[in-house]
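Before any comments, here is the structure.
The values are calculated or read from the model by the stated rules, or taken from the named source; none is laboratory data. Because the structure is a prediction, the values reported are computed rather than measured. Positions of Cβ are backbone-derived with ideal geometry, glycine not excepted, and every protein chain shown enters the neighbour counts. What goes into the accessible areas is simple: the full protein's heavy atoms, side chains included, and nothing from ligands, DNA or RNA. Shrake-Rupley method; radii C 1.70, N 1.55, O 1.52, S 1.80 Å.
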Amino acid sequence: MRILVVEDEPAMARLLARGLGEEGHQVELAATAAAASARVDDDWDVIILDWGLPDGDGVLLLGRWRRRGLGTPVLMLTARGQVGERVSGLRSGADDYLVKPFDFEELLARLDSLTRRRPARELRAGRLRLDERGRCARADDHLVELSPRELDVLRLLVERAGDAVSRDDLLAAVWGEAFTGPGNVVDVYVGQVRAKLRQLGDPATITTVRGLGYRLVVP
Ligand code: CA
């Protein structure tokens, strides 16, 4: 497996890198929230994330990653064992927890169950199927890959298939409330998603709802 380890304590990072490496995994280390954010994407099989990082809080960091559409399983490490904090960690999108100090065999067992448990969530609208784990859309025998943003845009439209979805809703769901980039970003991405649906033979089409936004229409 490809494992990203986000851990600032050198001794713990070395222990994880060595131990997981001996198990045959490919491990990369990030010691800060900034370094981790620069490398995080869905190409990792699992991410091990320390709660307390020098430049940020692992729980908040993970919340941001999940809102950006990260689907990779995340195992949170923490020195704090309080039940309330565990709950807040899990709500932020962690898939599992391990309190330091932990037994290495226990860590391996948790990683094993996390990666076996990869949810096979699949959304459908007519012939269109959205594979979130595989980050692709399918129709019959055709497949197109989607970027994380394209996936987020299409997910919302599929979830609300047949209904008009406003640009504001798309912007908030995909880019977040605090987005301050170009105003036409939604239209640009919808255009890209339309082109991908076309490659699939238009199992569903995105129509423009004038003055409001878009609607996914299933024939
Ligand atoms: Ca730490």
Residues being within 13 Å of the ligand (Cβ to nearest atom), open to solvent by less than 50 Å² (accessible area, probe 1.4 Å) and charged (D, E, K, R): count how many of those fall in the stretch 31-59.
1
Could you list all residues from the stretch 163-204 that are open to solvent by less than 70 Å² (accessible area, probe 1.4 Å), closer than 18 Å to LEU128 by Cα and in a loop (DSSP other than H, G, I, E, B)?
LEU200, GLY201, ASP202, PRO203, ALA204
Of residues in the stretch 1-11 being within 11 Å of the ligand (Cβ to nearest atom) and touching an Asp or Glu at 6+ places or on another chain (Cβ under 9 Å), the one farthest from TRP65 (Cα to Cα)
GLU9
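Yes/no matrix, rows are residues, columns are (1) within 24 Å of ARG155 (Cα to Cα); (2) at pLDDT below 85:
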{"site": "ASP42", "(1), (2)": "yes, yes"}
{"site": "GLY56", "(1), (2)": "no, no"}
{"site": "LEU61", "(1), (2)": "yes, no"}
{"site": "GLY71", "(1), (2)": "yes, yes"}
{"site": "LYS100", "(1), (2)": "no, no"}
Of the residues in the stretch 14-56, those that are under 21 Å from the mean Cα position of the chain (by Cα) and of a type in the set (D, E, K, R) number 7
All but one of (1) free of Cβ contacts under 8 Å to residues at least 60 places away in the same chain; (2) away from the ligand (no atom under 16 Å from the Cβ) hold for ARG14, so report the exception by its number.
(2)
If a residue has to be over 18 Å from the mean Cα position of the chain (by Cα) and closer than 16 Å to ARG215 by Cα to count, how many in the stretch 158-188 make the cut?
13
Scanning the stretch 115-148 for residues that are out of contact with any strand residue (DSSP E or B) (no Cβ under 6 Å at 6 or more places or on another chain), charged (D, E, K, R) and surrounded by fewer than 18 Cβ atoms within 10 Å (Cβ to Cβ) gives ARG116, ARG117, ARG118, ARG121, ARG124, ARG133, ASP140, ASP141
